[in-house]
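As structure tokens, the structure follows; a few thoughts come after it.
The values are calculated or read from the model by the stated rules, or taken from the named source; none is laboratory data. Note that this is a predicted model, so its numbers are computed, not measured. Note that we place each Cβ from the backbone using ideal geometry, even for glycine, and neighbour counts take in every protein chain shown. The area values use the complete protein model at the heavy-atom level, side chains included, leaving out ligands, DNA and RNA. Shrake-Rupley method; radii C 1.70, N 1.55, O 1.52, S 1.80 Å.
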Amino acid sequence: EIPIRKICCIGAGYVGGPTCSVLALKCPDIQVTVVDRNELRINQWNSEKLPIYEPGLEEIVKQCRGKNLFFSTDMAPALKEADLIFISVNTPTKTFGLGKGRAADLKFVESCARLIAEVCDRSKIVVEKSTVPVRSAASIVNVLKANTKPGVSYQVLSNPEFLAEGTAVNDLTNPDRVLIGGEESEEGKKAIRALSWVYRHWVSADKIIEMNTWSSELSKLAANAFLAQRISSINAISAVCEATGADVSEVAKAIGLDSRLGPKFLQASVGWGGSCFQKDILNLVYISESLNLTSVAAYWQQVIDMNEYQKSRFGERIVQSMFNTITDKHIAILGFAFKKNTGDTRESPAIHVAKHLLEEGAFLHIFDPKVEKAQILLDLAQWDEESSISIHTDPYEAAKGTHALVVCTEWDQFTVTLTYDYQRMYDSMLKPAFVFDGRKILDHSALAKIGFHVETIGKRHGQGFQDHNWAGTNGI
Ligand code: NAI
């Protein structure tokens, strides 16, 4: 058996950081070092204010840091002494060259393999945790083999990560399953057993699933494609609802009660976002095309196209509802993160909506409980902060003097129970005051009672400003 006493993880991002923190918490007998070439990120992991926000994460880091959890930019020594190495670097969509705009860029994964081969002088298990195209492990093996020092050998495993941002600590602590893909050989099996032993510290054996490497790699892409597909499907239905008077919440409830389908991931919204769904589906599309499976590629591409359609539709609806013009109007955006409980804005639908409104000449007042100001300005870089965007740390300040509130993230504090004082916001706004609920989380009849003109996804809106059916409560 291969003893695992030290683990090194390359990539201190949204995956590497939380994964290794939970690993260190659950395995006091293992020393975990997370390395990254980004010095700022490592300094933040070693500081009071962590680089990412995840509920419950800070407590774990504080408990383990300096004991069996370390963050460092000094990669070579950490790699040298590790028995097992996780690669959890980013695998973005290629922005140029072959496969531009669709294929996954594996340059960071490849450079990790090269560095490992260059510095390591004893055999190791290398675990692919990043989401990668099918058969990427073969490329890692090739690079390692071609550069290996004498007497050293590597076993490469696939162990995709299924955590979701916003619930990462819980997902890592209670995973639905852990996939470990590896070679069928005796050496491969030994490596699988070693990684399995690590997880067995806190995950029951029936949840640790061994499979061939390619199945493991493809399962991650397929899982993300299915998840995004479900949201695109309900969003497609939401458009039909708006055109007919059906209510997507009622339809979703009816669908979800079918035990074959279940109620989760049926929430219609402004669209899905995040760093993974789009890039992973594009990757699946690219792989399918490369394999001459054009119908398969077209099928999955449609999941992305539907999401683009949904985001644009929402932006257009805002403009149309506000008398077809928002030029020089002030609009508050509530929520900028791609989902609640994270400060991450990668591929956030809020960016798409904000750009749409800016292009129409609006002035935006943006508030998000967790996203940093600098990040919002970066995401909307082509617009001038002074003239078209202001960023607020207080929702009431953001709402003041605006014509409309646009909810782009489902933060609990915005929600159904109306934690915020919407009457106070209403009183400070220009009239007629609009609310566009892109997440379907607000109490629409309560808002209508205050006097707001409410528009939401998947529910027919009123016929015009004169029509007091604004909240859409009566349908047709
Ligand atoms: P990230 O961008 O937050 O973190 C990646 C880190 O790797 C960065 O800090 C970067 O500086 C570092 N890095 C890149 N190349 C390096 C190199 N050669 N040497 C040292 N450090 C290097 O990315 P994130 O979100 O953690 O994703 C990582 C992988 O996990 C991706 O493949 C992603 O698809 C996958 N994944 C992401 C999930 C998420 O929710 N963010 C969930 C499940 C999988």
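Observations on the model:
- Loop GluC sites (Glu not before Pro), region 1-56, which have at most 15 other Cβ atoms in a 10 Å radius of their Cβ (DSSP): E1, E48
- Across the chain, the convex hull enclosing all Cα atoms gives 155 Å³ per residue.
- Euclidean distance between Cα centres, region 400-430 to region 220-281, Å: 25 Å
- Viscosity 1.002 mPa s, temperature 20 °C, Stokes-Einstein D of region 101-218 from Kirkwood C-alpha radius, µm²/s: 142 µm²/s
- Pairwise FRET efficiency - F96 versus N38, Cβ, R0 = 22 Å, nearest 0.05: 0.50
- Solvent-accessible ranking of T95, T173, largest area first, probe 1.4 Å: T95, T173
- At R0 = 45 Å, FRET efficiency that the Cβ-Cβ distance of S153 and A222 yields, to 0.05: 0.90
- FRET efficiency, F162 to D421 (Cβ-Cβ, R0 35 Å, nearest 0.05): 0.35
- Amide H contacts under 5 Å for V156: V126, restricted to partners 5 or more places along the chain or on a different chain, H placed in the peptide plane at 1.01 Å from N.
- Relative compactness, region 170-255, computed as alpha-carbon Rg over 2.2 N^0.38 Å: 1.63
- Positive-pole candidate from L25, A243, C120, dipole of the chain, charges at beta carbon: C120
- Computed Rg/Rh of region 6-203, alpha carbon atoms with Kirkwood Rh: 0.94
- Gain in span if fully extended, D412 to K62, counting 0.36 nm per residue against the direct Cα distance: 123.4 nm
- Here the chain is treated with +1 on each Lys and Arg Cβ and -1 on each Asp and Glu Cβ, and its dipole about the Cα centre works out to around 860 debye.
- Degrees between helix 136-147 axis and first principal axis of the chain (Cα, 0 to 90, nearest 10): 40 degrees
- Accessible surface of Y53 - all protein chains present, 1.4 Å probe, nearest 10 Å²: 80 Å²
- The value obtained for region 247-476, namely the Cα convex hull volume divided by the number of residues, is 140 Å³ per residue.
- Between the residues A254, W383, T415, the greatest Cα displacement towards the positive end of the dipole of region 247-476, with unit charges on the Cβ of Lys, Arg, Asp and Glu, is found for A254.
- Dipole of region 247-476 [Lys/Arg +1, Asp/Glu -1 at C-beta], most positive-end residue of A448, I333, A354: A448
- Greater than 22 Å apart at Cα, pairs in K6/K26; K129/K189; K279/K339; K26/K67; K67/K373; K124/K279: K67/K373; K124/K279
- Shown for the chain: the carbon plus sulfur share of the solvent-accessible area, taken with all protein chains present and a 1.4 angstrom probe, equals 52%.
- Accessible area per residue, Å², the chain with all protein chains present, probe 1.4 Å: 44 Å²
- Within region 290-315, backbone nitrogen closer than 17 Å to the virtual label 7 Å beyond the Cα of W383 toward Cβ: 311-315
- Remark: spin-label model distance T244-D328 equals 4.3 nm, labels positioned 7 Å along the Cα→Cβ axis.
- Its relative contact order, with pairs defined as Cα atoms under 8 Å and 6+ residues apart, puts region 247-476 at 18 percent.
- Of all lysines in the structure, the ones whose alpha carbon falls short of 27 Å from that of K431, not counting any fewer than 8 places away in one chain, are K311, K329, K355, K400, K440, K449, K459.
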